[in-house]
Amino acid sequence: MDTTIRPLAPGDLPAAAAFLERAVDAMPNVGPAELRATRAPVLLGRLRWLLLQNPAADPAAGLGDGLVDANGAIAGLHLVHPQPLRCGESPVRALCSSNFFVAPEARMQGYFLFRRFLKLPAAAHFATTCNRNSGALWQKLGGVAVPGSDAEALVVLRPGPLVEEALLRRGLGALARPANVLSRLAAPFLRRRGPRALRLRPCVDWDRLAALAARCRPADRLTADRTAAHLQWRFAATPARGDVEVFAVAGPAGEFGYVATLRGRRGRREQIRSRTLLDVVLPADVPFGGVLAALGEACRSDADLLAMAGWLAAQAQPGPRVLVRRFDAPQAFVAGRDAAGRPWAESAAFQPADGDSSR
């Protein structure tokens with residue numbers, strides 16, 4: 001197949017969205033919620049937000065590259081957006097890889113498409129939505145997997161919908177709904193309440209949240225640079241803003257952190273109401289378990305479970321109500337080293353709001 005790699009322009013985004021829709025349609029076992037989120041009009045809105053409305057957008061970095069055939073049709077795609085990071089007080093200029101797909105008949109060209117990304121000037125190149133194939137390419141070209149990015153932790157608030165899902169997957173659909181009802185009846189007796197000293201309140205004061213993030217920033221971790229402009233764009237300007245809720249976390253001495261969540265649906269019947277933790281900012285001496293319990297209380301009216309991926313999943317303490325799901329490969333990789341020569345991946349503390357991991 002004759003193909004050419006060329007930089008993408010804003011006018012190419014509708015064709016890019018249509019190509020991504022076709023790529024998802026060709027995948028096995030795609031759930032209904034993911035299908036709705038990957039229709040071309042929805043994808044186009046997200047791409048415009050991610051690439052064109054991003055406050056960190058940099059013309060020098062471009063939007064990424066397309067692999068086009070002799071007729072000008074897209075046969076491969078690799079999008080790029082800047083993501084300002086920090087390690088302690090030191091800024092780190094980073095570029096994020098996203099939406100890396102190549103048509104099967106042009107698979108061999110994916111290597112050259114990806115290598116162009118790694119040649120762009122930046123202190124770190126990274127991705128947060130890798131699969132087994134793209135992860136292998138990262139490793140081949142010098143990337144290092146972020147420890148813990150191969151897991152997701154699920155905190156069960158109501159077991160009924162999860163029991164229903166387990167029965168559905170075992171072909172016992174007739175028992176699924178009755179089991180869900182029985183589990184819901186038992187749920188009040190299994191309830192775990194958060195510490196009474198902790199309070200969560202919805203907050204959209206981006207300057208206030210940015211100040212909390214700066215106060216809690218770890219000295220030895222590679223994290224997002226959570227400026228007010230970045231937080232407003234990530235949580236209030238996203239196409240999924242109607243499902244995003246940000247809570248300020250307070251104790252007896254006042255506010256000390258925040259938690260951002262995304263409402264969603266899971267399961268074969270979409271019967272599981274979820275809250276994905278997008279971003280958690282807390283002082284190092286605050287127990288994460290207590291904040292999780294308080295969040296569970298705050299979200300109990302519209303959530304059956306809390307979901308955490310990557311670095312956040314590692315913070316959840318194992319227990320009877322915490323399920324850990326392993327992916328078949330790490331989802332986050334970083335290429336680049338810090339001033340001491342250590343791989344950035346060793347200090348990376350990426351959360352779902354970072355990179356390309358959230359809607």
- Query: Name the residues in the range 28-72 that are free of Cβ contacts under 8 Å to residues at least 12 places away in the same chain and more than 26 Å from Asp225 (Cβ to Cβ), would you?
  - Reply: Pro28, Asn29, Val30, Glu34, Leu35, Arg36, Asn71, Gly72
- Task: Taking the options Pro352, Pro287, Pro252, Pro320, name whichever one is out of contact with any Phe, Trp or Tyr (no Cβ under 9 Å at 6 or more places or on another chain), not assigned by TED's automatic domain parsing to the domain that holds Cys203 and not β-branched (Val, Ile, Thr).
- Result: Pro352
- Task: Output yes when any residue across the range 58-80 is buried (at least 21 other Cβ atoms within 10 Å of the Cβ) and of a type in the set (S, T, N, Q), and no when none is.
- Result: no
- Message: List the helices (runs of 4 or more DSSP H) inside the range 1-83, counting only whole elements, that have at least 1 residues being among the β-branched types (Val, Ile, Thr) and closer than 30 Å to Glu270 by Cα.
- Response: 13-25, 40-47
- Regarding Thr261, is this residue outside any helix (DSSP H, G or I) and farther than 30 Å from Gly171 by Cα? yes
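One line per residue, one yes/no per condition, for (1) more than 22 Å from Leu95 (Cβ to Cβ); (2) surrounded by fewer than 21 Cβ atoms within 10 Å (Cβ to Cβ); (3) under 15 Å from the mean Cα position of the chain (by Cα); (4) at pLDDT 95 or above:
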position: Val204; (1), (2), (3), (4): yes, yes, no, yes
position: Ala210; (1), (2), (3), (4): yes, yes, no, yes
position: Cys216; (1), (2), (3), (4): yes, yes, no, yes
position: Arg221; (1), (2), (3), (4): no, yes, no, yes
position: Ala229; (1), (2), (3), (4): no, yes, no, yes
position: Ala236; (1), (2), (3), (4): yes, yes, no, yes
position: Asp243; (1), (2), (3), (4): yes, yes, yes, yes
position: Val259; (1), (2), (3), (4): yes, no, yes, yes
- Query: Residues in the range 303-311: is at least one modelled with pLDDT under 90 and buried (at least 21 other Cβ atoms within 10 Å of the Cβ)?
  - Reply: yes
- Test for Gln232: is it part of a helix (DSSP H, G or I), farther than 30 Å from Gly171 by Cβ, touching a residue at least 24 places away in the same chain (Cβ under 8 Å) and among the polar types (S, T, N, Q): yes
- the range 99-142: number of residues that are buried (at least 20 other Cβ atoms within 10 Å of the Cβ) and of a type in the set (S, T, N, Q): 3
- Note on the structure: From the option list Pro91, Pro55, Pro84, single residue qualifying as modelled with pLDDT of 95 or more, surrounded by fewer than 19 Cβ atoms within 10 Å (Cβ to Cβ) and closer than 24 Å to Ser347 by Cβ is Pro91
- Quick check: anything in the range 86-107 closer than 27 Å to Ala339 by Cα, assigned to a loop (DSSP other than H, G, I, E, B) and of a type outside the set (D, E, K, R)? yes
- Can you name the condition, by its number, that Ser301 falls short on among (1) farther than 25 Å from Val144 by Cα; (2) in contact (Cβ under 8 Å) with a residue 12 or more places away in the chain; (3) of a type in the set (S, T, N, Q)? (2)
- Task: Output the residues belonging to the range 264-284 that are among the aliphatic types (A, V, I, L, M) and closer than 28 Å to Arg170 by Cβ.
- Result: Ile272
- Search result, residues across the range 235-277 that are in contact with an Asp or Glu (Cβ under 8 Å, 6 or more places away or on another chain), under 19 Å from Trp206 (Cβ atoms) and among the hydroxyl-bearing types (Ser, Thr, Tyr): Tyr258, Thr261
- Query: Looking at the range 264-359, what strands (runs of 3 or more DSSP E) fall wholly within it and have at least 2 residues that are more than 20 Å from Phe247 (Cβ to Cβ)?
  - Reply: 322-326, 333-335
- Message: So Arg158 ticks every box in (1) among the basic types (Lys, Arg); (2) surrounded by 20 or more Cβ atoms within 10 Å (Cβ to Cβ); (3) modelled with pLDDT of 95 or more but one. Which box is left unticked?
- Response: (3)
- Query: Is one or more of the residues making up the range 36-49 farther than 30 Å from Ala123 by Cβ, surrounded by 13 or more Cβ atoms within 10 Å (Cβ to Cβ), assigned by TED's automatic domain parsing to the domain that holds Gly110 and of a type in the set (Phe, Trp, Tyr)?
  - Reply: no
- Message: Among the listed residues Ala229, Ala219, identify the single one that is more than 23 Å from Gln53 (Cα to Cα) and of a type outside the set (D, E, K, R).
- Response: Ala219
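The values are calculated or read from the model by the stated rules, or taken from the named source; none is laboratory data. Small disclaimer: the values here were computed from a predicted structure and weren't measured. All Cβ positions, glycine included, derive from the backbone under ideal geometry; neighbour counts span all protein chains shown.
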